[in-house]
Amino acid sequence: MDINKLAEQLVAQGKEDDIFSFKVQPIHGDVEVLKVTVEDREELPVFLSIADTQILCISYLFKKDEIISSETASMNEAMLSMNVQMPLSSFAMIDEQYVVFGALSVNSTIDDIVHEIEMLSDNTLEALEAMKAYFK
Amino acid sequence: MGLISKIFTAFRGGAREVGEAIVDKNSIRIFEQEIADAENHMEKAKRDLTEVMAKEMEASRKIKSLNSEIEKHEGYASQALKKNDENLALEIAEKIVELTIELELQKSIQVKFAEHSIRLKAMVKKTGKSIADMKRQLVMVKTTDSVQKAASSINHNYASGSSKLLTAKESLDRIQKRQAEHEDRLKAGEALENEESGADLEAKMKAAGIGETNSSASDVLAKLKAKRS
């Protein structure tokens, strides 16, 4: 799947959808990444990249050092326990950063991808609200 | 050691740049080469298997026809004996011996090819499994690589752009504040809407002479009179 084509489709879709509207901005680098900004949630963008076999959607939660250190273990446990129930997304860490992510087949339709982004955005916001007590 | 174990061990060892440690260009190339080799190996094994199975079938066919030949000649020999033609019977018996020797040979050939085909089938299955496993690991290696690169692009974007990486707390506060404002606006709008439709209703009722109506001068006068008395 071509990321530029996907970007175009997402832009069109983002304009069409009046409940869930979003903007798409490409980020250039070794791997092409699309930054999808959902309206009214500009602080929590969803980053989308395409690898050989899957499309990855990642949303940043917080850095390890934003968490009260004595609570880290209990928060990790809580996150692991929540993981299965969370629709379409999972918690993970990239280096020092906690993230929520969802992986899709490269054969997914544009509707599948938009649905994934929508879910991921909702899950991110809800997870942050749920984990407020662990923040410094 | 499987790749998951390697990654896990690297994390436990406190490697910061785990992606880089595991995903050097070489490991991807080596993996791809190994997969290509295994696939060639598998193709060859499949071709061999087809050949061996064909040979086994050929031997089975020969066994079947030899068996019926022997049976037939045994019949001939009995007939010769019945006619007391000992010499002919002996000649037929010699033919039977010849056929039996050939039958034993074909039987051993059939067994040999049958065993070979079992070995090849097991090999094809094993190779197929290991190819699937290598492909799965290659996906992991490539994904690790891709995620690392994507993360570095994202971090670079945060660092250079105007959208600096807020703490989760700040982001959450901002979004919730915006949501609250949004909600307030909605509520205000709703209230206004209600008021307007309420005012509308009052006007309609007044026109119909229902509810509170403006008191007329004669009403006021009547009230005053009532008070005085």
*Might you let me know whether segment A:25-36 holds any residue that is buried (at least 19 other Cβ atoms within 10 Å of the Cβ) and part of a helix (DSSP H, G or I)?*
no
*When residues of segment B:162-177 are limited to those that are more than 9 Å from every other protein chain (Cβ to nearest Cβ) and at pLDDT below 80, the one nearest to A:TYR134 (Cα to Cα)*: B:LYS164
*Of all residues in segment A:48-60, count the ones that are facing another protein chain (nearest Cβ under 8 Å), of a type outside the set (Asp, Glu) and surrounded by fewer than 22 Cβ atoms within 10 Å (Cβ to Cβ).*
4
_Tell me the residue from B:SER146, B:SER130, B:SER171, B:SER153 that is polar (S, T, N, Q), in contact with a strand residue (DSSP E or B) (Cβ under 6 Å, 6 or more places away or on another chain) and more than 30 Å from B:LYS62 (Cα to Cα), please._
B:SER153
*Which ones in segment B:148-204 are closer than 30 Å to A:LEU48 by Cα and of a type in the set (A, V, I, L, M)?*
B:ALA150, B:ALA151, B:ILE154, B:ALA159, B:LEU165, B:LEU166, B:ALA168, B:LEU172, B:ILE175, B:ALA180
*Among the numbered conditions (1) within 21 Å of A:LYS64 (Cβ to Cβ); (2) of a type in the set (S, T, N, Q); (3) within 9 Å of another protein chain (Cβ to nearest Cβ), tell me where B:THR144 comes up short.*
(3)
_From the list B:ALA132, B:ALA180, B:ALA199, exactly one residue is exposed (fewer than 14 other Cβ atoms within 10 Å of the Cβ) and away from chain A (no Cβ under 14 Å). Which is it?_
B:ALA199
_Given the criterion in a helix (DSSP H, G or I) and either free of Cβ contacts under 8 Å to residues at least 12 places away in the same chain or closer than 15 Å to B:VAL147 by Cβ (or both), identify the matching residue among A:GLU116, A:GLU129._
A:GLU129
_Going by what's in this entry, would A:ILE27 be described as at the interface with chain B (Cβ under 10 Å from one of its Cβ atoms) and in contact with a His (Cβ under 9 Å, 6 or more places away or on another chain)?_
yes
_Looking for something at pLDDT below 70 and not polar (S, T, N, Q) - is there at least one such residue anywhere in segment B:29-46?_
no
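The values are calculated or read from the model by the stated rules, or taken from the named source; none is laboratory data. What you are looking at is a predicted structure, and each value in this text was computed from that prediction instead of being measured. All Cβ positions, glycine included, derive from the backbone under ideal geometry; neighbour counts span all protein chains shown.
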